[in-house]
Amino acid sequence: SLNWLSMVSPQKINRRDSLVIRSAALAYGILVYAILPGWIVALNDDFGYLRSIVETIQHGRPWTDDFLEPWALSLIALSTGIFKITGSFFCATICLQTLMGAASFWLVCQIAGDCGYRPLPTIGIAAALLTFPTVLWKQVEYTALVIYLPSLLAALWFAGRNRWTLFFVAWATAVASRPSALAWLVIPAVAGVEAAISARKVAKAKYPFAV
């Protein structure tokens, strides 16, 4: 069932706890930044993404390298936008990775909090999940997962709160970078089926001879 939030009461977070969670997310972002080299280095497939930024700037519109096309569009567009604002390739890549890492940590905390966990356990859950070697490494690489992971977490958070417009914004951001996000459409599909079944049960209980 997608209605995981109905089984528990979301924990109310006061200002102090919210500050603690934000500080923990910032600390995680700093960890990602500390792991990254102090200059632009292509790791594994990074070269295709880095070239896509340069090619987007050269062509004056979103452009993905032959190695990636047609995917990674949202990541490249975001990085190019940051570059045009700051004039810094460092900010467009490494700083973006740092911010996305912090955002992912914060989102895990929000999801765990909505599932009934207290603030400190939510931080532990986020830390355990995002420092898992494979997950952490994928955040250090400059690939589509930089934007894909926080988009996935945001989509899950919005789905849990039945905020479907924001869910589709997060989904569109992710699918523009990785086609595997198409699988996420099963979430609103299942939610729609559950809503229909629930409505039918209510109608049957209210009008037993009409259903």
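The values are calculated or read from the model by the stated rules, or taken from the named source; none is laboratory data. Fair warning: this is a prediction, and the values are worked out from it, not measured in the lab. Ideal geometry is used to build each Cβ from the backbone, glycine not excepted, and the neighbour counts take in all protein chains shown. All accessible areas refer to the heavy atoms of the entire protein, side chains included, with ligands and DNA or RNA removed. Shrake-Rupley method; radii C 1.70, N 1.55, O 1.52, S 1.80 Å.
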Could we say that Leu153 is under 21 Å from Leu78 (Cβ atoms), modelled with pLDDT of 90 or more and in contact with a Gly (Cβ under 9 Å, 6 or more places away or on another chain) here?
no
Taking region 114-143 on its own, how many of its residues are of a type outside the set (Val, Ile, Thr), closer than 22 Å to Leu50 by Cβ and either assigned to a loop (DSSP other than H, G, I, E, B) or open to solvent by less than 40 Å² (accessible area, probe 1.4 Å) (or both)?
4
Residues in region 166-184: is at least one over 30 Å from Leu50 (Cβ atoms), aromatic (Phe, Trp, Tyr), assigned to a helix (DSSP H, G or I) and without any contact (Cβ under 8 Å) to a residue 24 or more places away in the chain?
yes
Would you check if there is a residue in region 91-113 being among the aromatic types (Phe, Trp, Tyr), modelled with pLDDT under 80 and either surrounded by 19 or more Cβ atoms within 10 Å (Cβ to Cβ) or closer than 22 Å to Trp171 by Cα (or both)?
no
Restricted to region 149-199 and to residues being within 24 Å of Leu129 (Cα to Cα) and of a type in the set (Lys, Arg), the residue least open to solvent (accessible area, probe 1.4 Å) is Arg178
Of all residues in region 73-90 being assigned to a helix (DSSP H, G or I) and of a type outside the set (A, V, I, L, M, F, W, C), the one that is most open to solvent (accessible area, probe 1.4 Å):
Lys84
